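The values are calculated or read from the model by the stated rules, or taken from the named source; none is laboratory data. Since we're looking at a predicted model, the values are computed, not measured. Cβ coordinates were reconstructed from backbone atoms using ideal geometry, including for glycine residues, and neighbour counts include every protein chain displayed.
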Number of protein chains: 2
Amino acid sequence: MPDTDNDNDSNVIAPAPLARGTLRIIPIGGLGEIGRNMTSYEIDGKILIVDCGVLFPEEHQPGVDLILPDFGFLRDRLDDIVGVVLTHGHEDHIGSVPYLLKLRADIPLIGSQLTLALVEAKLKEHRIKPYSLTVREGNHEQIGPFRLEFVAVNHSIPDALAVAIKTSAGTVLATGDFKMDQLPLDGRLTDLREFARLGEEGVDLFMVDSTNADVPGFTPLERSIGPVLDEIMARAPRRVIVASFSSHVHRVQQVLDAAWENHRRVALLGRSMVRNMTIAADLGYLKVPEGVLVDYKKAGDIPDDEIVYMSTGSQGEPMAVLSRMANRDHQIEVGEGDTVILASSLIPGNENAVYRVIDGLTKLGANVVHKANAKVHVSGHAAAGELLYCYNILKPKNVLPIHGEYRHLFANAKLARDTGIPERNTFIGENGSVYDLRDGVVTVAGQLDLGFVYVDGSTVGEITDADLKDRRILGEEGFISVIVVVDATTGRVISGPEIHARGFAEDDSVFEDVKPKIIAALADAAHNGVRDPRALSQIVRRTLGGWVNRRLRRRPMLVPLVIEA
Amino acid sequence: MPDTDNDNDSNVIAPAPLARGTLRIIPIGGLGEIGRNMTSYEIDGKILIVDCGVLFPEEHQPGVDLILPDFGFLRDRLDDIVGVVLTHGHEDHIGSVPYLLKLRADIPLIGSQLTLALVEAKLKEHRIKPYSLTVREGNHEQIGPFRLEFVAVNHSIPDALAVAIKTSAGTVLATGDFKMDQLPLDGRLTDLREFARLGEEGVDLFMVDSTNADVPGFTPLERSIGPVLDEIMARAPRRVIVASFSSHVHRVQQVLDAAWENHRRVALLGRSMVRNMTIAADLGYLKVPEGVLVDYKKAGDIPDDEIVYMSTGSQGEPMAVLSRMANRDHQIEVGEGDTVILASSLIPGNENAVYRVIDGLTKLGANVVHKANAKVHVSGHAAAGELLYCYNILKPKNVLPIHGEYRHLFANAKLARDTGIPERNTFIGENGSVYDLRDGVVTVAGQLDLGFVYVDGSTVGEITDADLKDRRILGEEGFISVIVVVDATTGRVISGPEIHARGFAEDDSVFEDVKPKIIAALADAAHNGVRDPRALSQIVRRTLGGWVNRRLRRRPMLVPLVIEA
């Protein structure tokens, strides 16, 4: 099982066994963090999962590729899972599906056409062919004891759905990620008439996206970006390179439209960009003006003022197209007169990487347009003003803000209270918080100890927090190894100590002073009859460690080894 | 000498020997980065330094405490240095002074009263007592061949100065950091009348702060923050904790005033906050309303709604007061009803740390007010609109933007051109770029190879870029050590291989498979007469490395050691 560690100090409280007719709700990921969204719903022995995403690591989790929700506690209940609803196709909602399906491949996936197409493309890379059920807004499905009603919501990817989960214990509405753009590009609004109908019928628990709950006002219209792109392309003397998220179909749509308007053709760059836009175009979510797309291999033949490159790498990811261009490590050589547009958010934590890319491109002579100097991005999440509309239209009995850091969850709960929902009916939870719903009443039933499950290369859950602590020490201070060979019978030092340091601030010659001390300490130990190599290693560690701390005022990792020969 | 490495791939061009009567200007730090500002000016064999700051490391420089300007090339010229002008007391302008004075303690320091008081407090910790010359705006000083004229500028610390450097070769005006608040708290404006006079006399080269050159418009007034602080304190039900920079005297002044207005007393928290504000109050820069300050040890006796704590830690620094409060590792236990104000910028790269602190405090029940949700911070640097005023008032012949990442330097040069300064007279430089000025003409005379000088613990310049690369590998992937003891004469393996991994994603037991391969490879080598332990170590490295890459698809650091016994 994954070896995990709890990042909060809340008390773990085992929930009581679940009574028949009570709905138990456990957020597994996405509370206190932006990412790895996952919630389980259980009633009468059957479990429904909503979303199964990944979290991207921060700098204190070095070398980690992905972080999964800690769903190990479901391992004994796999056969009770009746389905996984995926609200939309972003990584933080679908990225862990392969890891769940590795435990049981035939768990049915339920989602919209685009969402399932994206998750199937991902699963193909893991050689998994899922069982899936395609749904759309307005569909009602009975899955075991759960009656699911799907509602259209608007987000930064098409075909997103909210899901109402109706059970004998009551109704939950989970929004997934959403905003309320009132003039969306594809005309597909967040369906407030359906919200009103569900509210009329009674929503016992509203689980609602908190990402922008602390942003006052309203998210600007996605279509406000189009004219800006249009103007930039009209004035660009040479090539235009636009970077954005590879799943942002509407943003790419606006780039295609602006390019077409300006008699430019578009070449898609980056594996995920090409894959996702091919899927989106095939399914009709991306409307490609006839002839606008050109294979990037042929783009070089097109005059500079007639081409747009649409690429990945807007977050400064080192291996993505844009970073490689900035480092002159890409076949497209950015130069004087080129225009680069970062049509994307700047996800916190990526600032240094993104600004390094911007500086690199600027230094090569490009005019770099980004969020800070032009209106080339709007968020995909509802701001405070929009959330107030939701609360007032739905009038839910209880509210559990999801999808956010604590400050977002708190801000969202406050908005709920501002619309008149009593404080006792707004819940600020953590991953692993256990809520029971029955007769419109939500109670806190317990707290599971859920942690981080790290994916590192090909291993899942092997890397522990102790390993990450080792990595942090190694990464900050390096290590010193000491090897001594002793005679197995006499304990006499035959060879060494050999002392080597790596990533350490001093030359190895500095250790000449401590070698006699180590030899003396070992001689003492031998004299006292100590023969166990481990005990001798500890003596070496203490001698060296004390000296390094005193003399060099450092605390690198110490790796002593005493070998018998 | 510090072992350094160039971070750019520009060609190094040795400048011609400096002719008499020509002024040579070398930016040593602060170009292409925000930090470690330092410039040298040389004429007729004498050198003047302006500023001598530090740069704080980014995440790809793990374990580094500070980064110094690479002023090692001045080591043979120390006796020619006639003085160091310090424009103001921020770390990125004074932080490297101790390291320069360690090379020659009696280099005179020239600066305003507050600047020198702050640098002297810092030098005291290094047990250096400097020679210093206090100057103020309006003062003219002849220092060797340099006639210095000091001009008042407004910044986020009081008593900042620009300096005009007049020589037989021409006049340079260096702004230091500045903005143009037209209603500054202390009434001390950036002196545009002096700028006009200098412009009238002729400024041959204008070296100008670029930090906010890409920010359109004007920096808001510092005094716009006062009413916001006032309102927050008036409404705060319990304690108020304000965090800001420990040198931001005007911000602290506004906190004191708002507290006084709201019948609250103020306790200063944090060593640097107490030290700097004591200096500022002693010198009259901070006006402390009689009785408003209270020792923090006695603050606990004051009712919660009558106290304000003024602390450090606004950048999420782990050891500062605010982080410790967020981690419940401080005697002041933040709780429900407390208000925390981060009255500070969010320096890029610190986002994750700052938001972790905000989340921690929110979770403890505090209402956290920060830049993103209230107007509690304004920048200390001139935005684009202000810089245009400067260019139009000064009409300099040549412009060298300083103090900024490349995108800032480019944006600033563009502003200069927008006001009519020809492109050939605006220079985008790098650290180590060599400019010669004579008869109002600036020429690019060469490019020195300047790098990063890392301070790590007690060592300066010992840590190399190779060490940092080792740390990054260790921090991402960990290491595997292999020790084998062989018989010195036969080459036969006596003991081992002992294989241990740290920070690595697998258990040590995984290595059982590779041990026979290593033994076999060594037996082969012994058979072929290889006896040299280094050669044998390389064989172990290749055998293990190949296996780890193939089998585990990883590239940790490998540390093989073959010992003869």
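Okay, here's what the table says:
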| quantity | calculated |
| --- | --- |
| Condition met for B:Asp465 (among the acidic types (Asp, Glu) and either under 30 Å from B:Asn11 (Cα atoms) or facing chain A (nearest Cβ under 7 Å) (or both)) | yes |
| Residues satisfying the stated conditions in segment A:384-399, i.e. modelled with pLDDT of 95 or more, surrounded by fewer than 24 Cβ atoms within 10 Å (Cβ to Cβ) and hydrophobic (A, V, I, L, M, F, W, C) | none |
| Scan of segment A:141-166 for residues that are part of a loop (DSSP other than H, G, I, E, B), among the small types (Gly, Ala, Ser) and surrounded by 21 or more Cβ atoms within 10 Å (Cβ to Cβ), ordered by number | A:Ser156 |
| So B:Ile519, is it of a type in the set (A, V, I, L, M), outside the structural domain of B:Pro69 (by TED's automatic domain parsing) and without any contact (Cβ under 8 Å) to a residue 60 or more places away in the chain | yes |
| Filter result for B:Asp177 (among the charged types (D, E, K, R), buried (at least 21 other Cβ atoms within 10 Å of the Cβ), assigned to a loop (DSSP other than H, G, I, E, B) and in contact (Cβ under 8 Å) with a residue 24 or more places away in the chain) | yes |
| Counted residues, segment B:488-507 - those being acidic (Asp, Glu) and at pLDDT 80 or above | 1 |
| Pick from segment B:384-414, criterion closer than 23 Å to B:Val54 by Cα and among the hydrophobic types (A, V, I, L, M, F, W, C), ranking: nearest to the chain's Cα centre (by Cα) | B:Ile402 |
| Answer from A:Ala243, A:Ala259, A:Ala234 - the residue that is among the small types (Gly, Ala, Ser), out of contact with any Leu (no Cβ under 8 Å at 6 or more places or on another chain) and in contact (Cβ under 8 Å) with a residue 40 or more places away in the chain | A:Ala259 |
| Some residue of segment A:91-106 being within 18 Å of A:Tyr131 (Cβ to Cβ) and touching a Ser or Thr at 6+ places or on another chain (Cβ under 6 Å) | no |
| Set B:Gly491, B:Gly496: member being within 11 Å of another protein chain (Cβ to nearest Cβ), of a type outside the set (Phe, Trp, Tyr) and either buried (at least 16 other Cβ atoms within 10 Å of the Cβ) or within 18 Å of A:Gly478 (Cα to Cα) (or both) | B:Gly496 |
| Selected residue [at the interface with chain A (Cβ under 10 Å from one of its Cβ atoms) and not hydroxyl-bearing (Ser, Thr, Tyr)] from B:Asp524, B:Asp507 | B:Asp507 |
| Boolean, B:Val548 is modelled with pLDDT of 80 or more, more than 10 Å from chain A (Cβ to nearest Cβ) and touching a helix residue (DSSP H, G or I) at 6+ places or on another chain (Cβ under 7 Å) | no |
| Hey, B:Ala343 surrounded by 24 or more Cβ atoms within 10 Å (Cβ to Cβ), more than 14 Å from every other protein chain (Cβ to nearest Cβ) and of a type outside the set (Phe, Trp, Tyr) or not | yes |
| Failed item in (1) closer than 23 Å to B:Leu561 by Cα; (2) at pLDDT 85 or above; (3) within 9 Å of chain A (Cβ to nearest Cβ), with B:Ile480 passing the rest | (3) |
| Failed criterion for A:Ala382 (all others in (1) on the phi > 0 side of the Ramachandran plot; (2) in contact (Cβ under 8 Å) with a residue 40 or more places away in the chain; (3) not aromatic (Phe, Trp, Tyr) hold) | (1) |
| Top-ranked residue in segment B:275-291 [being in a loop (DSSP other than H, G, I, E, B) and free of Cβ contacts under 8 Å to residues at least 40 places away in the same chain; ranked as surrounded by the fewest Cβ atoms within 10 Å (Cβ to Cβ)] | B:Glu290 |
| Residue among A:Arg553, A:Arg531, A:Arg502 that alone is more than 23 Å from B:Ser537 (Cβ to Cβ) and under 42 Å from the mean Cα position of the chain (by Cα) | A:Arg553 |
| Options B:Val460, B:Val485: the member that is β-branched (Val, Ile, Thr) and touching a Pro at 6+ places or on another chain (Cβ under 8 Å) | B:Val460 |
| Residue in segment B:55-78 that is touching a residue at least 60 places away in the same chain (Cβ under 8 Å), more than 27 Å from A:Arg553 (Cα to Cα) and buried (at least 20 other Cβ atoms within 10 Å of the Cβ) present | no |
| Residue pairs meeting the criteria (Cβ under 8 Å; at least 6 apart or on separate chains; first assigned by TED's automatic domain parsing to the domain that holds B:Glu42, in segment B:420-440; second assigned to a strand (DSSP E or B) and aromatic (Phe, Trp, Tyr)) | B:Phe427/B:Tyr435; B:Gly429/B:Tyr435 |
| Test: B:Pro560 is within 12 Å of chain A (Cβ to nearest Cβ) and more than 45 Å from the chain's Cα centre (by Cα) | no |
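Let's see how each residue does on (1) basic (Lys, Arg); (2) under 30 Å from the mean Cα position of the chain (by Cα); (3) modelled with pLDDT of 95 or more; (4) in a helix (DSSP H, G or I):
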site: B:Met273; (1), (2), (3), (4): no, yes, no, yes
site: B:Tyr309; (1), (2), (3), (4): no, yes, yes, no
site: B:Ser323; (1), (2), (3), (4): no, yes, no, yes
site: B:Ile332; (1), (2), (3), (4): no, yes, no, no
site: B:Gly337; (1), (2), (3), (4): no, no, no, no
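The rows are residues; the columns are (1) modelled with pLDDT under 95; (2) part of a loop (DSSP other than H, G, I, E, B); (3) surrounded by 23 or more Cβ atoms within 10 Å (Cβ to Cβ); (4) in contact with a helix residue (DSSP H, G or I) (Cβ under 8 Å, 6 or more places away or on another chain).
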| site | (1), (2), (3), (4) |
| --- | --- |
| A:Asp214 | yes, yes, yes, yes |
| A:Gly217 | yes, yes, no, yes |
| A:Pro220 | yes, yes, no, no |
| A:Ser224 | yes, no, no, no |
| A:Pro227 | yes, no, no, no |
| A:Met233 | no, no, no, yes |
